[in-house]
1. Suppose only helical runs count, i.e. DSSP H with n ≥ 4. What mean residue ellipticity at 222 nm does that imply for chain D under -39500 (n - 2.57) per run, divided by all residues and rounded to the nearest 500 deg cm²/dmol?
2. On a C-alpha basis, how far is the centre of the range A:179-249 from the centre of the range A:1-34 in Å? Whole number, if you could?
3. With 5 Å bins from zero, work out the P(r) of the range E:5-217 over every alpha carbon pair and list the percent per bin.
4. Build a GNM of chain B with springs between Cα atoms under 10 Å: which of B:ALA125, B:ALA144, B:ALA81 gets the top mean-square fluctuation?
5. For E:158-171, what's the mean count of beta carbons from other chains sitting within 10 Å of each residue's beta carbon?
6. Taking every pair of Cα atoms in the range D:84-185, average 1/r, invert it to obtain the Kirkwood radius, and report Rg/Rh to two decimals.
7. In what sequence do D:TYR98, E:TYR99 fall when counting other Cβ within 10 Å, fewest first?
8. List the equivalent ellipsoid semi-axes of the range B:204-261 in whole Å, largest first, each obtained as the square root of 5λ for an eigenvalue λ of the Cα gyration tensor.
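Just so you know, all these numbers are worked out from the coordinates, no wet-lab data involved. The model shown is predicted, which means the values in this text are computed figures rather than measured ones. Using ideal geometry, Cβ is built from the backbone for each residue, glycine included, and neighbour counts are taken over all protein chains shown.
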Amino acid sequence: DLKEQGFARIAIANEPPFTAVAADGTVSGAAPDVAREIFKRLGVPEVVASISEYGAMIPGLQAGRHDAITAGLFMKPERCAAVAYSEPVLCDAEAFLLPKGNPKGFKSYADIAANPDAKIGAPGGGTEEKLALEAGVPRDRVIVVPDGQSGVKMLQDGRIDVYSLPVLSISDLMAKAADPNLEMVAPVIGAPVYCDGAAFRTEDAALRDAFDVELAKMKESGEFAAIIEPYGFSAAAAISTSRATLCGE
Amino acid sequence: MTTPIIRINQLDKSFGTLKVLDGLSFDVMPGEKLALIGPSGSGKTTILRILMTLETISGGHIEVCGEQLYHMQKGGTEVPANEAHLHHMRRHIGMVFQHFNLFPHKSVLDNVTLAPMLTKGEPKAKAEARAMELLDMVGLADKAKSMPSQLSGGQKQRVAIARALALQPRIMLFDEVTSALDPELVEEVLLVMKRLAAETDMTMLLVTHEMGFAHEFADRVLFFDKGRIVEQGPPDQIFRNPEHERTQTFLRKIIAAGHRV
Amino acid sequence: MTTPIIRINQLDKSFGTLKVLDGLSFDVMPGEKLALIGPSGSGKTTILRILMTLETISGGHIEVCGEQLYHMQKGGTEVPANEAHLHHMRRHIGMVFQHFNLFPHKSVLDNVTLAPMLTKGEPKAKAEARAMELLDMVGLADKAKSMPSQLSGGQKQRVAIARALALQPRIMLFDEVTSALDPELVEEVLLVMKRLAAETDMTMLLVTHEMGFAHEFADRVLFFDKGRIVEQGPPDQIFRNPEHERTQTFLRKIIAAGHRV
Amino acid sequence: MADWSGYLNLILQGALVTAQLTVYGSILALAAAFLAGLGRLSQWRAIRWLSTIYIEFFRGTSIYVQLFWAYFVLPFMGISLSPMAAGIMALGLNVGAYAAEVVRGAILSVPRDQYEATTALNLTRFQRMRHVILPQALPLMLPTFGNNAIELLKATAVVSLISLTDMTFQAQIVRAQTGNTLIPFAMILILYFAMALIISASMRLLERRMTRGLDGVR
Amino acid sequence: MQWDWTFVAEIMPTLLQGLKLTLLITLLSAIVAAALGLVFAIARRSRNPLVARPVSFVIEFIRGTPLLVQLYFIFYVLPDVGILLPPLVAGVIGMGLHYATYTAEVYRAGIENVPKGQWEAARATNLTTRQTWVHVIVPQAVPPMIPALANYLIAMFKETPLLSAITVLELMNQAKSVANSSYRYIEPMTMVGVFFLGMSLVSVVMLRWLEHRFGRLGK
Ligand SMILES: Nc1ncnc2c1ncn2[C@@H]1O[C@H](COP(=O)(O)OP(=O)(O)OP(=O)(O)O)[C@@H](O)[C@H]1O
Ligand SMILES: Nc1ncnc2c1ncn2[C@@H]1O[C@H](COP(=O)(O)OP(=O)(O)OP(=O)(O)O)[C@@H](O)[C@H]1O
Ligand SMILES: [Mg+2]
Ligand SMILES: [Mg+2]
C-alpha cells in the first residue's frame, strides 16, 4: 500500500547529523538519506519527512502518523518490544559536552550521580535520559532539554553541568557553537554503543523484512558506507552488530 | 351604551414578595383619554407594561377589544395565553416609552416602517408613504433620513410616537413620555400629543408627572397609591377638589416643587 | 466698595470647533447669590465646571479671591497654572452636581469626612464632629452610617451638599441639583438650599431650570444663550419684565411645559 | 557561515503556515461561536445543554491537551487528521468556545429597552433577532473578536509541539541548524507582532464601517 | 491500544508531583500579573506621554506575540546580556508579564467603568491625583473586576504546559516524560486532560461565588 500511496511518511528528529535541514528546506542527514534510498528500491519513490520530538515518535508511529522512524532512535529492549526495528543503520557512542578541561571530572553517568550538585541535560524520552536515571541520578537533576541548541546554551549559561548526546551530535553542536570553552568527553565510560534502525509498526513486520533485505544488499555493495560516512558515521560499526544483539533477543 | 375596550378585573401583580398591584379593577371606554397619576412606585408604569404584555400577571383578568389578554380558551377551559395569542392581541396596542427606545442602527424612516413591513407584510412603498405622513404629522418629515443619534430628545420622542402609530393600534399607552426631556423640549412633544388626542378616536392611557398637561389632556384621571386606585374622576375634580387626603398631600408637594397644575 | 470675589474676563471656551463660551465677562460679589438660567446647551454647566477647574479654558482670565485661577506668575511672566496652583485655588470652591456623585463605597459619614481628613489633615474626631453638624443641618444625622445606595435621591443630594460644605469653601457651585430627582423629592433639597442661602454669607452660583426657585433664591439672574449673557438683573425684572426677545420665548416655553415661575 | 537568506526564507514559509492556521482557524472559530453562542440562548433546553457542554469542555481543558488529543488519540478512534487539519480543528474549536461567550454576552448586553420596543411593535422572536438585536450586538462583538483572533494567532505557536511546520517550528529548526538563537526568535517575534497589528487594524476598520452613523448607541 | 488502569495508578504520584508544581507556578504568576497589571493600567493613563506611550507599546507588543516565544527569549537570550534566571523564576516572570498585559485591560475596563462623576467629585473635594486613585478610583474599579481577573488565573493554569520549553517539569511535562519512558501516550495525556477539566470545574464554582460576591463584570 505504500507503493500505491507513492511515498512513505518518516519521522525524523531535529538533531544533526542524524538529520539535517538545508537552507532551502530539503531534508537530508544520514538517517533520511538511507531511508530514502531503500524505499526507492522498494518501489516507493518518495519519502515525506516530518520532524518530531523523540518522545512523540513511537506514539506517532502507533497512531499511524508515520510509516517509519529513521531518526537515530536507538534500539533498546523496551523499544524493540514496542516497534519492529530493521537491522542496525547508524551506530554511535554516548558523549558528554562539558566546560573546557572537564573541571568536575565526569567520565560516566555514575560520576554524575555521585556528585550531589551536578545537573545533566538530556533530550526528553531519549536514551541519555534513561541511562542517567538508571545510573542513579535523581529525577530532579536530570533536566529535560528540548533541543541541542538549548542544551549548549544552558551549558554555556551554567544552568547544567553536562549535556549528553551521541558523539556525532555533540561534535556537530560543538562545530556550530565554535565555543573554545566547551569540550567533549567521548565515549562515556560504561555506556554501551548504540545503533538505531528504521522502526516500523509491529503489524508491518513484512515491510520491515523487505527493508532489511535491501539494507543488507546496500551494506554489502558499499553504497551504505558511501551514504553515511560523509556524515561521520561508521559503516563498519553497523555491520558488525545485529538487531538480535542490540535488542537482547 | 358601548362596551369598554379595556376591562381590568381583580388584577394582581407581585415582583417576588413585593405586591405592586393589588386587586385592581377599572374599565376604559373606546376613545377615552385616561391620565394615571400618583407617587413614584405606585404601580403606574406596571399597569401600562402589563397591558403591553411586557410583564406577566400574578392574578386576575384583562379583556382587550372583547378578548382575554393573558388567557385563552383551549378545549373548553381557560389556560394561560401562549406566544401566538399574545402576538395576536398586541395588534391592538401601541406604546411609547420614557426613553424612546428607538432602534439606534436604523434611520428615522426605517424605525417607522420596520414593524408594518415585518408584522403586516406591507410593501415598502406603502409603508414609507404612510410613515412620511406620520412623520409629517409629528413635524419631522425633513428628518426621515437622519439617524436617531442626530436628533434631540424631543425629536426622538416624536419619532417614537410616529413609530407606535404606524401599526394603527386602537389603544395607545404613554409612559412619562416627557420626563427624560429638557424642559424646553417638553412642549413640542405635548403639542403633538394634544393634536393626536383631539384628532383621533384612539383610546389613550397616559402616565405623567406633568399635572398641567394631564389636566388638559384627560377625560378622566386615576390617582394611584400603593397599587390601588385611591381616587378617580374628571380632571377638574381631582386637581381642584381632591377628596382623599393622600391626593391632597401629593398635589401640594408637586406644586411646592414649582409645577403648575 | 468691596472687590469682586470672582472676576471673569473675556472668557473663551471651545470643544473642538464648537465655541461654547464666547468672550464672556462678569463679576460676582462676595456673598452674592447668582442664578444662571438659559436654554439647554447655552454653556451654563460649562462655566461652573471651569470655575471648579474640571475643564481647561481656551482664552481669557478668571480671578478668584484675588488670585488668577488658570494662570500664575513664574519669573515675572504669566504662565498656565500647574496642578499645584490649581490644588491651592480649589480650596476656595465647592461644587454640588446634578447626579450627586457620592462615593458609593463609603458611608455617608465617610463621604463627608474624606476630603477634610485628606486635604486638610484634620484629625478623624474633629472631621467627624463637624460632619455630624453638617448632616444635622441637612436633616440626615440619623443616616450617617448608611451607604449612599440606601438613600433616596433627595437624601443623596443633601449628603452631597454637606460634603461640599465640609471643606468650608467661600464659593459654592450648584449645577441643576434637583433635576435628577423625583418631583416629590425636589422640595426637601430646595428647603436645605434656602436655609443655606439665608444663614451663610457664602457666595453661590446656581444653575437651574426651576424658575420658581431661582426667583426666590437669587439676588441676580443671568440669562444665557449661545455662550453669552443675553440679559441680567434682579429676578423680578428678568422673570416679570424680560427685555430681550430670546428671554421672553424661553420663559414662555418653560411656562407652557407646566412650570411655575 | 550559514546561508541566512535561505534560512530566513524558511521562516517566511513557516509564517505562511501560521497565517493559514490563523485564517482557517478563525473561520472555524467564528462558525462555532455563533452556533454555540446562539445555542446557549435557545429556547430548547437540549440545544442549550449541548452548547454549554461544548463551551465548557473546550474552555475547560488546555489547548495543549486538545492538540495532543486531536493528533495522537483521535487516530485510535479511526479519525486520522493531517497535522494541518488537526491544528485548525483544535485551534478553531478552542477559540470558538471563548468567542461563543462573546456572542452571548454581546446579545445580552443589548439593552432590555430594545427587546421591549420590539414586543411593543409586535415583532416575532426571529424578526427581533434578525432586524434589531444582532445588528446592534455585532459591533459590540468585533473588538473582542479581534482579540480572539490574536489569541488564535499566538496559539498557533503551540502547534510546533505536534510537529506542524509553523513559524515557531521553523525558527527552532533554523536555530538547530545554525546554532544562533537570537536572530530566528527576534525575527518571529516581529512577524507575530506584525500579524497581530494587521488583525487589529482590520478589525478597527470593520468596526468603523459597521458603526458608521451609529455614534451614541450606548 | 487499550486503557490500562494499573498503569494509571502507577503514574499517578508522578503526575500529582507535576500538578503541585503547576499550581505553584500559576499562583506566583497570578500575583505578578495582578500587581503588574494594575501598574500598567495606571501608567497607561498617565498624562505624561513619555510614560503612557512606551508602556502602551510594551503592552501591545507583549499581547501580540506568543508566550512560548517570549519564554524562549527570557530563558535562552537574556543570559547573553547577563540575566540568568532559574527556570521557575523565568517561567513566573514570563507568564506574569504576559498576563499582566491582560489584567491591565481588565483594570482599564474597571477604571473606565467608574463614572466620570467620581473623578470630578474627587477634584471638587480637592483630592490629589494619588488620593483620588487610592481612596476613590481603585476601591471602586477593582472589586467588580475580580471575576474577570479570576478568569485569567484559570487561563494561566491552562498555559503552564508551555513551560516545558524552558525545562520546567510541570504537569504536562511530567506526563510527557512518563509517556516517553513507557511509550504510552493515552493514559498520561488523558489524565492530564482530566486534571485540567477537574480544575476548571472547581474554578467554575469558584467563579460563580466570586460573581455573586463582587457582582458581574462591568455591571
Ligand atoms: N422588574 C421589577 N422587579 C422588581 N420590582 C419592580 C420591577 N418593576 C417595578 N418594580 C417595583 O414595582 C413598584 C411599582 O413600580 P412602577 O414602575 O409601576 O411605579 P411607577 O408608579 O411607575 O413609579 P414612577 O413614577 O417612579 O415611574 C415599585 O416599587 C418598583 O420598585
Ligand atoms: N466635553 C464636551 N465635549 C464636547 N462638547 C461639549 C462637552 N461638554 C459640553 N459640550 C457642549 O457645550 C455646549 C454647552 O454645554 P453645557 O453643558 O454648558 O450647557 P448647559 O447650558 O449646561 O445645558 P443644559 O441645560 O442642557 O445642562 C453644548 O453644546 C454641549 O454639547
Ligand atoms: Mg413609572
Ligand atoms: Mg447643564
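1. -24500 deg cm²/dmol
2. 16
3. Taking every Cα pair in the range E:5-217, the percentages come to 1, 7, 13, 15, 16, 14, 12, 9, 6, 4, 2, 1, 1, 0, 0.
4. Top of the fluctuation ranking is B:ALA125.
5. 5
6. A ratio of 1.27.
7. D:TYR98, E:TYR99
8. In descending order, the three semi-axes are 15, 14, 11 Å.
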